[in-house]
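Peer 1: Just dropping this structure here.
The values are calculated or read from the model by the stated rules, or taken from the named source; none is laboratory data. Here the structure is a predicted model, which is why all the values come from computation and not from measurement. Backbone-built Cβ (ideal geometry, glycine too); neighbour counts: all protein chains shown. When the accessible area is computed, the model is the full protein with side chains, heavy atoms only, and any ligands, DNA or RNA have been set aside. Shrake-Rupley method; radii C 1.70, N 1.55, O 1.52, S 1.80 Å.
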Amino acid sequence: MTVQAPRGLHRRRNPLTGRWVLVSAQRNARPWQGEIAKDNARQLPDYDPGCYLCPGNRRATGEINPRYDGVYVFDNDFPALGPAVADDTQGLQGSALLTFEAVQGHCRVVCYSPDHGRGLSRLSGAHLRAVVDTWASESARLGQSHRWVQVFENKGAMMGCSNPHPHGQIWASDHLPDEAVLEEQHQRAYFATHGEALLASVAREEFEGLRHVWANSHWLVIVPWWATWPFETLVLPRQAAPRLESLDHAARDALAETLHQLTRRYDLLFDCEFPYSMGWHGAPYTQQDPRPWQIHAHFYPPLLRSATVRKFMVGYEMLAEAQRDLSAEDAARRLRELSVST
Ligand code: H2U
Ligand code: ZN
């Protein structure tokens, strides 16, 4: 049975944040043009003597990276968040209207692999598993002294990534940032009413449907109902797991497989090193009950039609609300129909 994706003009609500997205899928009803332009991505060498993240090389601070052969994590030399300094904010004049608060935190850089040209989509299962373990152990450790630990990756020059060496970042903070506050409010309210985590309900409802991309016994990948980026995806666990460190061995192995499947599909979609911003959201490290949360990854890729044609979130999106032409259902179908070897 072929179920037609809905075409009519409408808005969809994101239950995690309460934000809306305007869906104008009829604008996209014209047949797919399929203009797949190669981005002429050069094949990167496995070692670049000028790269500050390659093993044995010198960083901007003069420090030398060890000759690591797995995952390598270090304190960011130019951190956006650091320890509180007593008079950091002295002299800053706020008012009852223009308020501020002092902030402290800790920033880490995670090199996924010693190989300069081998990002998540090209790592072996065992190596991806090591990345998952690093994300989990760093989160658990930083969570002991911070309320929020943001694991993320900016991939590709199009996303503002300064260095192609495969790496992600972790920013831990003593405050809950805006996205976390919204997801916290919406998941907690949903749990109070329904007695089930919001994303557990989403995983159940979306398991077999138009927005399903891929699944194994532990994980589900969907283009969420409320996707704003053309090929945005959400990676969800199929069992209860509020944080990365809650995942057992089997779930971590299954996550390595899931990351392989998703990132390979992305690369295959437009035959390029697919750029994206991705990151993990899990229960904050507060005294609150973590059960309303399910650990999940958001992938926000900018590409729309080819390796070079991207979507811009400008104009109406900046001033009114997010809007998309390609339906979430069409995007999911295109990702689902790609075949990836295991
Ligand atoms: P992005 O390209 O994803 O921004 O990551 C590069 C990060 O690496 C950036 O946060 C850090 C930058 O501060 N960095 C170091 O910690 N040491 C260096 O020698 C250069 C870059
Ligand atoms: Zn989230």
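Peer 1: So what is the accessible area of the chain per residue, in Å², with the probe set to 1.4 Å?
Peer 2: Result: 49 Å² of accessible area for each residue.
Peer 1: Kindly report, to the nearest 10 Å², the accessible surface of Trp214 as traced by a 1.4 Å probe over protein heavy atoms only.
Peer 2: Roughly 40 Å² of Trp214 is accessible to a 1.4 Å probe.
Peer 1: Would you calculate, for the chain, the mean residue ellipticity at 222 nm contributed by helices, counting each DSSP H stretch of 4 or more residues as -39,500 (n - 2.57) and dividing by all residues, to the nearest 500? Could you put the intermediate results ahead of the total?
Peer 2: On the way: 6 runs with 79 residues, N = 342.
Taking each H run of at least 4 residues, the total per residue is -7500 deg cm²/dmol.
Peer 1: Here's something else I'd like to know. Tabulate in residue order the Karplus-calculated ³J(HN,Hα) for region 88-93, using 6.51 cos²θ - 1.76 cosθ + 1.60 with θ = phi - 60°, rounded to whole Hz; enter x for Gly and Pro.
Peer 2: So the J values, rounded to whole Hz, are 3, 9, 5, x, 7, 9.
Peer 1: Residue by residue through region 317-331, what is 3J(HN,Hα) from phi via Karplus (6.51 cos²θ - 1.76 cosθ + 1.60, θ = phi - 60°)? Round to whole Hz and write x for glycine and proline.
Peer 2: 4, 6, 9, 10, 7, 4, 9, 9, 9, 5, 6, 4, 5, 5, 4
Peer 1: A further question follows. Please build a GNM for the chain, connecting alpha carbons under 10 Å apart, and tell me which residue among Val151, Val132, Val202 fluctuates the most.
Peer 2: Answer for the Gaussian network model of the chain: Val202.
Peer 1: May I pose another question? Taking N as the number of residues in the chain, what is its Cα Rg relative to 2.2 N^0.38 Å?
Peer 2: 1.02
Peer 1: From largest accessible area down, sort Thr99, Thr17, Thr342, Thr61; use a 1.4 Å probe on the protein chains. Spell out each step's value before the answer.
Peer 2: Details: Thr99 110, Thr17 10, Thr342 140, Thr61 80 Å².
Result, largest first: Thr342, Thr99, Thr61, Thr17.
Peer 1: Please report the carbon-and-sulfur percent of the accessible area for the chain; probe 1.4 Å, protein heavy atoms only, DNA, RNA and ligands left out.
Peer 2: Details: 8640 of 16600 Å².
Carbon and sulfur together cover 52 percent of it.
Peer 1: Choose one of Tyr112, Val314, Ser327: the residue whose Cα lies farthest towards the positive end of the charge dipole of the chain (beta-carbon charges +1 Lys, Arg; -1 Asp, Glu; about the Cα centre).
Peer 2: Ser327
Peer 1: GNM on the chain, C-alpha springs below 10 Å: top fluctuator among Arg238, Arg129, Arg27?
Peer 2: Between Arg238, Arg129, Arg27, it is Arg27 that shows the largest mean-square fluctuation.
Peer 1: To continue, here is another question. Cut-off 10 angstrom, C-alpha nodes, Gaussian network model of the chain. Which of Ala192, Ala136, Ala307 fluctuates the most?
Peer 2: Looking only at Ala192, Ala136, Ala307, the largest GNM fluctuation is found for Ala192.
Peer 1: On a C-alpha basis, how far is the centre of region 73-117 from the centre of region 185-216 in Å? Whole number, if you could?
Peer 2: The two parts, judged by their Cα centres, are 33 Å apart.
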